[in-house]
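Scroll down for the structure; my scribbles are underneath it.
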Amino acid sequence: MKIIKRLLFMTLSLIFLSSCNQGSNSTNYDNRIEASINSWDIIYNYTVKGNTSDEFSILIDGNPIDLECEKLYAAYDGSSRMITEIAAKYKDWWYVEMKVAYNQLLSLLDEEDKQNLIKSQTSWESYMESKWNMEDSFYYQHKYDTVGQLRTSLSANEEAEETKARAYSLLEYLYIISGEINLVFGE
């Protein structure tokens, strides 16, 4: 049952992301967080402290973003539109966490590690943009053939999961330095 829920979630996420990528992804929440990121006036709405650097994966499990997404899927009405909306929100929420963690790390690292982080983030963003451009050709512009909505949905879910994975990586670096996991996400 858990696997079916995850597959449904991934499918919904992909559909949601695909429709959001065709328009603007900016939301009031994102704009508020972006303003906070730029002014370093960050308000964390979720904090977990640990004892060792090995606890990150245990402590991040059950985070409020994943819990909120589960609530949204629990109310799933069977429409492709709702799947797409949930997936876009999920990606956007993790994107904000990734940006906040990235900027926090920049302020904490020595010059060599800071340059490595900048290169790493630039490479990740370049990869995601290139991937999106390919998927746009295949799934949205239908240059080569028409694909079904399910494949488009899976693509959007993959993008959300990759954004979450990048956020996790950056949050784990911060956790190693500070012993805390801090998220700005708030309902």
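Please state the shape class of segment 37-107: rounded when a/c is under 1.5, otherwise prolate if a/b exceeds b/c and oblate if not, all from the C-alpha gyration tensor. In terms of gyration-tensor shape, oblate. If you sort the three axes of the alpha carbon gyration tensor as a ≥ b ≥ c, you get a/c of 1.5 or more for segment 109-187 and a/b no higher than b/c, which makes it oblate. Look at the dipole of segment 59-169 built from charges on Cβ: of Val100, Ala167, Met134, the Cα furthest out on the positive end belongs to Met134.
With the cut-off at 31 Å, tell me which of the pairs Lys71/Lys131; Lys71/Lys143; Lys143/Lys164; Lys49/Lys89 have Cα atoms farther apart than that.
Working: Lys71/Lys131 29 Å; Lys71/Lys143 36 Å; Lys143/Lys164 29 Å; Lys49/Lys89 26 Å.
From the list (Lys71/Lys131; Lys71/Lys143; Lys143/Lys164; Lys49/Lys89), the Cα-Cα distance tops 31 Å for Lys71/Lys143.
May I ask you to order 76-85, 106-115, 58-67, 164-173 by the average number of other C-beta atoms within 10 Å around their residues, highest value first?
On the way: 76-85: 16.1, 106-115: 11.0, 58-67: 14.4, 164-173: 19.5.
For the peptides 76-85, 106-115, 58-67, 164-173, the packing ranking is 164-173, 76-85, 58-67, 106-115.
The overall shape of segment 39-187, judged from the alpha-carbon gyration tensor, is oblate: a/c is not under 1.5, and a/b is no greater than b/c.
The calculated FRET efficiency for the pair Asp110 and Ser130, based on their C-beta separation and a Förster distance of 25 Å, comes to about 0.25.
Read the figures in this text as sums done on the coordinates, not as results from a lab. As the structure is a computational prediction, the values presented were derived from the model and not from experiment. Methodologically, a virtual Cβ is constructed for each residue, glycine included, from the backbone with ideal geometry; neighbour enumeration extends over all protein chains shown.
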